[in-house]
Amino acid sequence: MRFAIAALVAALFLAGLLSSSKTGQADTVPPRYLSLGDSLAVSIQPDARGHDRGTSNGFSERVWRARAARSPNLTLVKLGRGGETASSMIKSSRPGPSQLELAEQQLHAGSVPLVTIDIGANEVEGCQSGSGFDGACVQRGLASLRRSLPQIIDRLRAAGGPSVKIIGVNYYNSFLGRWVTGAAGRRLALASVPVERAINATLAQIYARAHVPVADVESSFRTRALSSHVNTRAFGRVPVAVANTCQWTWACSDGYDDHTNSRGYRVIALSVLAALRAP
């Protein structure tokens, strides 16, 4: 329900912009930062009962505040949807416009200097099977990502023009949180490593071909630091990558949740801002 409401709010907001443009006041359209993608773009975190909720404490809000320091009139428009894949971003099974169609409407209205996209994890995370992953399922998901994400980038640029700055966001590995649950969890964590690397390698290839800078969340979380260990108060001696996952996500909590906490969203935001500063 909350995603339908968000789409309606975005549509009403856009209608006001377009109405203003038609009356010759297009110059009053405020600059907007569009946050597109999956649940991370919605700033989702679990509440006290363990239910995932959209918040105002995600990476999008932090990026927006940092950019608004230079552009005080900048507004944030979050169009992300929990569970979204690149293919469903193009053609949604939900009623109403797809996320990409809503983004195109915003871009056609003008004055969008920044778009971030975090998409791709949901293509393969459902391929978990026991303490491993279904390889054929993973390959199908990556193939779907390779088909759909270039289309998304092309359509965003066609709608927004050459002045739109697009930043792609890659992923941390939430499955590393299973490391602390015992032998079976450790097997799953290790099995997830090549899968998560394949997601990020696929994203890197797509974004490089499209000349889209990437916010390197994978490196910020040090998800490959499995041979270096640190001592933690809650879980004892664990790899650095696992410690960071436990510190910055909900993946090591009793209920397991793959979203980042507020500190993790800050790490993602810093990765986005670093990509924006890169030449």
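All of the numbers you see were taken from the coordinates with simple rules; none came from a lab. These figures come from a predicted structure and were not determined experimentally. Cβ sites come from the backbone with ideal geometry, for glycine too, and all protein chains shown count toward neighbours.
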Each label point is 7 Å from the Cα along the Cα-to-Cβ direction; what then is the distance between the points at ALA48 and ASP134, in nm?
-> 3.9 nm
Does anyone have the angle between helix 135-160 and the longest principal axis of the chain? Alpha-carbon axes, 0 to 90°, nearest 10?
-> 20 degrees
Normalised by the residues of segment 122-279, what does the relative contact order come to in percent, with Cα pairs under 8 Å and at least six apart?
-> 22 percent
Quick one: dipole size for segment 52-116, taken about the Cα centre, charges +1 on Lys/Arg Cβ and -1 on Asp/Glu Cβ, in debye to the nearest 20.
-> 220 debye
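Considering only DSSP beta bridges whose two residues both sit in segment 2-277, what percent are antiparallel, to the nearest 5? List each step's numbers first, then the result.
Numbers: 9 of 24 bridges.
DSSP beta bridges in segment 2-277 are roughly 40 percent antiparallel.
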In whole angstrom, and with the biggest value first, how far do the Cα coordinates of the chain range along each principal axis?
-> 65, 41, 38
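Over segment 2-277, what is the relative contact order in whole percent, taking alpha-carbon pairs under 8 Å and six or more residues apart?
Values: 475 pairs, mean separation 50.5, N = 276.
The value is 18 percent.
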Potential extension, SER253-SER93 segment - 0.36 nm per residue separation minus Cα distance | 54.4 nm
Listed by chain and number, the residues whose amide H is under 5 Å from that of THR75, excluding neighbours fewer than 5 places away on the same chain and using placed H, are ARG32, TYR33
Quick one: angle between helix 59-68 and the longest Cα principal axis of the chain, in degrees between 0 and 90, rounded to 10, please.
-> 40 degrees
